[in-house]
1. Could you run through segment 46-58 and say how many residues are open to solvent by 30 Å² or more (accessible area, probe 1.4 Å), outside any strand (DSSP E or B), closer than 19 Å to VAL106 by Cα and not hydroxyl-bearing (Ser, Thr, Tyr)?
2. What number of residues in segment 16-45 are more than 23 Å from LEU100 (Cα to Cα) and assigned to a strand (DSSP E or B)?
3. I'd like to check something: does segment 82-93 contain any residue that is touching a residue at least 60 places away in the same chain (Cβ under 8 Å), of a type in the set (A, V, I, L, M, F, W, C) and not in a loop (DSSP other than H, G, I, E, B)?
4. Scan segment 59-87 residue by residue and report those that are among the small types (Gly, Ala, Ser), more than 14 Å from the chain's Cα centre (by Cα) and open to solvent by less than 60 Å² (accessible area, probe 1.4 Å).
5. Hey, could you check segment 88-108 for residues that are among the small types (Gly, Ala, Ser) and surrounded by 12 or more Cβ atoms within 10 Å (Cβ to Cβ) and say which is nearest to LYS74 (Cα to Cα)?
6. Just need a number here: residues in segment 7-37 that are touching a helix residue (DSSP H, G or I) at 6+ places or on another chain (Cβ under 8 Å) and open to solvent by 50 Å² or more (accessible area, probe 1.4 Å).
Amino acid sequence: MITFKGFICALVVKDKEYRFATYNNSKISIKDQKSDTITIFLENKEAELTIKGTITTAGELIAPKEGIMTKVIKEGLSGEVEIFLKDKKSQTVYQDFSKLAGIEIVEP
């Protein structure tokens, strides 16, 4: 079995696709993480994208931790997400917000 750690995030704004992925040397970092909010920052040579997710109503999902089902993960389908995109070439900015987001936050 072949495995690797990676990510892919694509955002289309006004018919232009911004792709952040491991294979195009994009970087990802978690800037802030709490039990009900997370802020993620993605960057490549073309753009910067900040995503903030908030769980407004959460359920609990039991998950494995060291082989035992003891870890609790908060997840919900009634989350909020805010995005902020900056195109480095044109210096344009796109910002949006939605109350229609499914969010799952797994604490380390």
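The values are calculated or read from the model by the stated rules, or taken from the named source; none is laboratory data. Given the structure is predicted, the values throughout are model-derived calculations rather than measurements. Virtual Cβ from ideal backbone geometry, glycine too; neighbours counted across all protein chains shown. Quick note on the areas: whole protein, heavy atoms, side chains included, nothing else; ligands and nucleic acids left out. Shrake-Rupley method; radii C 1.70, N 1.55, O 1.52, S 1.80 Å.
1. Qualifying residue count, segment 46-58: 1.
2. 5
3. Yes, segment 82-93 contains at least one residue that is touching a residue at least 60 places away in the same chain (Cβ under 8 Å), of a type in the set (A, V, I, L, M, F, W, C) and not in a loop (DSSP other than H, G, I, E, B).
4. Listed by number, the residues that qualify are GLY59, ALA63, GLY76, SER78.
5. Residue satisfying both the conditions and the ranking: GLY102.
6. Looking only at that region, the number is 1.
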